[in-house]
Amino acid sequence: MPEDCIFCQIVAGDIPSKTVYEDDSVFAFLDANPLAPGHTLVIPKSHHETLADLPEDTASDVFSVLHRLTPVVEDAVDADASTVAFNNGEASGQEVPHVHGHIIPRFDDDGGHPIHAIAGSRPDLSDSELDDIADDIRDSR
Ligand code: 5GP
Ligand code: ZN
């Protein structure tokens, strides 16, 4: 594990956390600076920076825990919904370079926004440009 990774140190128990879930490959704990009560981070125990760096079985494990934990977190804080998201890479705002999914409980009157609010200026793409992008993605999967 990288010595200076905060989340690796949390997994190792060297930094305390409010742990809410743990199995062989996944760890989940409350965010220290929550955006809402119950704000939870779900991480692989092994150190990987972004989603693309995750081996497929570990990615499945992380998503499976997100899937199971999200309704439990919502119920625990009596939330109306949740935003589940990854800041994936530095340019997206990822500050801790150990991949982590955020479960952020949402409330009818929380004054927040949908994830569409994260975008800067929106591109104005023609139909053929959309086709080109779709082709590129489909062809290089
Ligand atoms: P990012 O911006 O990288 O997607 O989110 C990192 C998250 O980790 C932030 O929401 C921040 O509050 C949380 N965080 C950073 N350091 C610690 C820590 O030492 N303990 C806990 N529980 N959360 C942390
Ligand atoms: Zn790490």
Tally of residues being open to solvent by 90 Å² or more (accessible area, probe 1.4 Å) and not in a helix (DSSP H, G or I) across the stretch 100-139: 7
Selection count where residues are within 14 Å of ligand 2 (Cβ to nearest atom) and either in contact with an Asp or Glu (Cβ under 6 Å, 6 or more places away or on another chain) or not acidic (Asp, Glu) (or both), scope the stretch 88-105: 6
Candidate set from the stretch 20-31 (those that are in a strand (DSSP E or B) and within 16 Å of ligand 2 (Cβ to nearest atom)); member that is most open to solvent (accessible area, probe 1.4 Å): Glu22
Residue count, the stretch 1-19, condition in a loop (DSSP other than H, G, I, E, B) and either of a type in the set (Lys, Arg) or over 21 Å from Gln94 (Cβ atoms) (or both), comes to 4
Residues (more than 13 Å from ligand 1 (Cβ to nearest atom) and among the hydroxyl-bearing types (Ser, Thr, Tyr)) located in the stretch 1-24: Tyr21
Suppose we filter the stretch 82-95 for residues that are open to solvent by less than 40 Å² (accessible area, probe 1.4 Å) and under 14 Å from His39 (Cβ atoms); how many remain? 3
When the stretch 32-79 is examined, which residues are found to be in contact with a helix residue (DSSP H, G or I) (Cβ under 8 Å, 6 or more places away or on another chain), assigned to a loop (DSSP other than H, G, I, E, B) and either open to solvent by 40 Å² or more (accessible area, probe 1.4 Å) or under 26 Å from Ala12 (Cβ atoms) (or both)? Gly38, Lys45, Ser46, His47, His48, Leu54
Looking for whichever is within 15 Å of ligand 1 (Cβ to nearest atom) and aromatic (Phe, Trp, Tyr) here; the options are Phe86, Phe63, Phe107. Which one fits? Phe86
Is it the case that some residue within the stretch 91-99 is part of a helix (DSSP H, G or I) and either modelled with pLDDT of 95 or more or not hydrophobic (A, V, I, L, M, F, W, C) (or both)? yes
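The values are calculated or read from the model by the stated rules, or taken from the named source; none is laboratory data. Treat the numbers as computed from the prediction; the structure is a model and nothing was measured. Neighbour counts are summed over all protein chains in view; Cβ atoms, including those assigned to glycine, are modelled from backbone coordinates with ideal geometry. Quick note on the areas: whole protein, heavy atoms, side chains included, nothing else; ligands and nucleic acids left out. Shrake-Rupley method; radii C 1.70, N 1.55, O 1.52, S 1.80 Å.
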